[in-house]
Amino acid sequence: MIFEQIASGGCQSYLVGCDETCAAALIDPEISQIDRYLALASKHGIRIRFLIDTHTHADHFSATQELARRLEVPVVMHRQSRAPFVDMHVDDGEMILVGDLRLRVLYTPGHTRDSMCLLLPDRLLTGDTLLIGGTGRTDLPTGDAAALHDSLFNRVLKLDPKLLVYPAHDYKKQGHSTLERELAGNPRLQKRERAAFVDMMGSLNLSMPTHLTEALRTNMSGGKTVGQLLSEATAKVSFMSMEELKNRIEGDERGLLVLDVRERDAYVEAHIPGAKLLPRGQLELRVNQELPDPTRRVLVYCDLGKVSTLAAATLREMGYTRAVALDGGMMAWSEAGYPMKEGAEP
Ligand SMILES: [Fe+2]
C-alpha cells in the first residue's frame, strides 16, 4: 500500500494507493495543496480514482470538487452530506474499492452529521471524529455531542486497539497514534459516561474557526473561495515589481498608463504620481470611456495587490492584452518611501 500523509497547516490529507493496480484515493484534500497531491500521485506512479471528504469541513477549503473537474473522477461523501457536487454517496458498512484495497466506511456522526471514518486493515482514517489527544468539536453546524459519544464509544473504540489512528487534524505534528494510546491518554476519552461527555463538550468554549463562513459556503455549495478567484486571476496576468514601476515613472516612460483601482478617498489621500483613478467597482461601467485604446500598456494597482490582480485579469478578459498588475500595493509602495502625490485627479 502506498500511503502519504500531507499536512497543510493543521489539516491532514491522505493519498492511499494500491501498488498492484496503481489506483488511489485522496482523502480530505485541501485547496492550496492541489499541485502537491498531483505531484505525489505522479511520483508514485498512481492515478487518483476517488476524492473523498470524511465530512463537510468548516475550517478548511476542500479541493474535492476542483480535483473532480480536473481528473474526471467522483467525489465521495457520506449519504448525509448536502453538498450538491457529491457524485457517490456512501453509507455505513459499505466499501470503496481502490484497486485491491478496500476502504470500509464507518458512519460516525457527532462532529458533523455527515462524518465518517475509513477503515483499512491496519489503520483508521478518523476524520474529525477522533483526533490525537482530542476529538472533533460538536458546537458547529450539525454537531451533536451525544452522537459523537455514541460514535466513539460504541463504534470507533470497539475496533482493534492496535489500529493506527490517522486524523484529519493534527495541530501538534504528532502524525499518527493508535486506538489504545488514545483510549489511555486522550483527555476527551476519559469522560466515558454519555452525560459527562456531553457536558464536557458543551463547556469547551472554543473560538470559531477563522474561515468558518467561507468554508461552509464553498464546501456546501461548490462555490469558489476568494483565494481561488485570486489564484485563477494570478495565472492570467503578468506583474511588474514596485521598483521597476518607480524607475519607469522616474524615467517618464510614455505609453504606460498607471491605473489606481481603489476608491476615490484613498486616491485623494495619496496615489502614485501620474496615476489615473478608476475604482474597481466602476471598471466595467467606465472602461470604454476611460481606456479607449486596448493596445495600451496598463499597470493596475490597489492597496494590497489583490484587487488589482482581479482587475488586471478582468481587463485582459476584455481584450486589454497588455494589462499588468503591480507586485505589491499602495501600502508597500508607501512603506518603501517611493514617490506619492496627494489630491484629486488632474
Ligand atoms: Fe472538521
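The values are calculated or read from the model by the stated rules, or taken from the named source; none is laboratory data. Everything numeric in this text was worked out from a predicted model, so none of it was measured. Cβ placement follows ideal geometry from the backbone for every residue including glycine, while neighbour counts extend to all protein chains displayed. Note: accessible area is taken over every heavy atom of the protein model, side chains too, but ligands, DNA and RNA are not part of it. Shrake-Rupley method; radii C 1.70, N 1.55, O 1.52, S 1.80 Å.
For the range 12-29, a residue qualifies if it is hydrophobic (A, V, I, L, M, F, W, C) and at positive phi, and exactly one does: C22.
Taking residues in the range 291-316 that are over 14 Å from F239 (Cα atoms) and open to solvent by 60 Å² or more (accessible area, probe 1.4 Å), and partners anywhere that are outside any loop (DSSP other than H, G, I, E, B) and not β-branched (V, I, T), the pairs with Cβ atoms closer than 8 Å and at least 6 places apart or on different chains are R296/L257; D303/A266; D303/M330; D303/M331.
The residue pairs whose first member lies in the range 48-68 and is closer than 18 Å to F3 by Cβ, whose second member is near the ligand (Cβ under 10 Å from one of its atoms) and not aliphatic (A, V, I, L, M), and whose beta carbons are closer than 6 Å, counting only pairs six or more residues apart or on different chains, are T54/D28; T54/G127.
For S115, the conditions (1) within 30 Å of G185 (Cα to Cα); (2) crowded, with 19+ Cβ neighbours inside 10 Å; (3) among the small types (G, A, S); (4) away from the ligand (no atom under 16 Å from the Cβ) all hold with the exception of (4).
Would the range 65-79 turn up any residue that is within 20 Å of D170 (Cβ to Cβ) and open to solvent by less than 10 Å² (accessible area, probe 1.4 Å)? Looking through the range 65-79, none of the residues is within 20 Å of D170 (Cβ to Cβ) and open to solvent by less than 10 Å² (accessible area, probe 1.4 Å). Within the range 18-57, the residues that satisfy the criterion of being more than 15 Å from D87 (Cα to Cα), within 16 Å of the ligand (Cβ to nearest atom) and open to solvent by 10 Å² or more (accessible area, probe 1.4 Å) are E30, I31. Taken together, E244, E284 contain a single residue that is at pLDDT 95 or above, in a helix (DSSP H, G or I) and either open to solvent by less than 60 Å² (accessible area, probe 1.4 Å) or more than 18 Å from L326 (Cβ to Cβ) (or both), which is E284. Taking the criterion of being in contact with a strand residue (DSSP E or B) (Cβ under 6 Å, 6 or more places away or on another chain) and either within 16 Å of the ligand (Cβ to nearest atom) or farther than 16 Å from R155 by Cα (or both), the residues of the range 86-102 that qualify are V86, D87, M88, V90, M95, I96, V98, G99, R102. How about the range 145-161: which of its residues are in contact (Cβ under 8 Å) with a residue 24 or more places away in the chain and more than 16 Å from the ligand (Cβ to nearest atom)? Within the range 145-161, A146, H149, D150, F153, R155, L157, L159 qualify.
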